[in-house]
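Input: a single structure, listed below in structure tokens.
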Amino acid sequence: MTISARGLDFRELNRRIKDAPETVRVEECYGQRFIGSGMRQKTLTIAGTPGNALGAYLDGGTIVVNGNAQDAAGDTMNDGKIIIHGSAGDALGYAMRGGGIFVRDNAGYRTGIHMKEYKEKRPAIIIGGRVGSFLGEYQAGGLIAVLGSGTEGVPVGNFTGTGIHGGKIFIRTDRELTGLPAQVAVRIASGDDLREIAPYLTEFGGYFGVDAGALLTDRIYVLTPNAKNPYTQLYTVN
């Protein structure tokens, strides 16, 4: 089933998606918010640019965006997949607790903030290009990978991993990582690390036509919480 989003506000568009069969395509999307919010089973393909909170509280199914996505895609998602054939805005995967987000190009600030995991629920965010500052801020679990393809210099901004206390961040770059917060421990990926991330890169490569094996031959850093120097500053006092 195909739905034209032209002229529809986000409430009407989401009502039509909810009433649609298991496979639905949305065309002429121009910034409508909350598309696929709380979705559980459908396969939803979007042509255009969905607005903020794409796939918020997603609980299963797959959302494919043939274009860019705006802020807060995958907000508090619990399961399912979001696949973006373009770039994403700020706060991608905010408080994400399950499922996977795959972005072909770049993402904005605060990607993966407050990510968490519990038992078998392990969320993952894979970014093909670069991200802005505060990547993995207060991360409590899950896996983030920034692959740096098509970028110059270090593919992350400032304050990467600020407040991290769980999970891992993988950064592919031939540059030295400097200026990391004290609560971040960094190392070059080991064989075990590469085996851990390989299935995610293979999945990424399948979506976007990228050779995952070639990615794994490059230098990849792994960032984890520094148990000897945990984050303790919650507020700034003047």
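Where strands (runs of 3 or more DSSP E) sit wholly within segment 67-139, those with at least 1 residues that are among the aromatic types (Phe, Trp, Tyr) occupy 100-103.
When restricted to residues that are part of a strand (DSSP E or B) and not small (Gly, Ala, Ser), segment 164-185 contains 6.
Restricting attention to segment 199-238, the residues that are farther than 20 Å from residue 129 by Cβ, at pLDDT 90 or above and loosely packed, with under 15 Cβ neighbours inside 10 Å add up to 1. Pairing each residue of segment 186-208 that is in a helix (DSSP H, G or I) with any residue that is of a type in the set (Val, Ile, Thr) and surrounded by 12 or more Cβ atoms within 10 Å (Cβ to Cβ), provided the two are 6+ apart or on different chains, yields C-beta distances under 6 Å for 193/222; 200/126; 204/126; 207/83. With respect to residue 62, is the statement that it is more than 14 Å from residue 99 (Cβ to Cβ), free of Cβ contacts under 8 Å to residues at least 60 places away in the same chain and not small (Gly, Ala, Ser) true? Spelling it out, it is not the case that residue 62 is more than 14 Å from residue 99 (Cβ to Cβ), free of Cβ contacts under 8 Å to residues at least 60 places away in the same chain and not small (Gly, Ala, Ser). Report yes if residue 80 is closer than 15 Å to residue 98 by Cβ and without any contact (Cβ under 8 Å) to a residue 60 or more places away in the chain, otherwise no. For residue 80, the condition - closer than 15 Å to residue 98 by Cβ and without any contact (Cβ under 8 Å) to a residue 60 or more places away in the chain - is met.
For segment 164-179, the set of residues classified as crowded, with 19+ Cβ neighbours inside 10 Å, farther than 21 Å from residue 116 by Cα and hydrophobic (A, V, I, L, M, F, W, C) is empty. With respect to the stated conditions, residue 36 fails to be without any contact (Cβ under 8 Å) to a residue 60 or more places away in the chain, not aliphatic (A, V, I, L, M) and not in a loop (DSSP other than H, G, I, E, B). Within segment 46-66, being more than 17 Å from residue 204 (Cβ to Cβ), in a strand (DSSP E or B) and not aliphatic (A, V, I, L, M) holds for 48, 49, 59, 60, 61.
Which one is nearest to residue 64 (Cα to Cα) among residues in segment 12-33 that are among the basic types (Lys, Arg) and surrounded by 13 or more Cβ atoms within 10 Å (Cβ to Cβ)? Only one residue fits best here, namely 25. Quick check on segment 121-148: of everything there that is surrounded by fewer than 18 Cβ atoms within 10 Å (Cβ to Cβ) and in contact with a Leu (Cβ under 9 Å, 6 or more places away or on another chain), which residue is nearest to residue 83 (Cα to Cα)? Restricting to residues being surrounded by fewer than 18 Cβ atoms within 10 Å (Cβ to Cβ) and in contact with a Leu (Cβ under 9 Å, 6 or more places away or on another chain), the top hit is 129.
The values are calculated or read from the model by the stated rules, or taken from the named source; none is laboratory data. Keep in mind that this is a model prediction, so the values were computed, not measured. Reconstructed Cβ throughout: ideal geometry from the backbone, glycine too, with neighbour counts over all protein chains shown.
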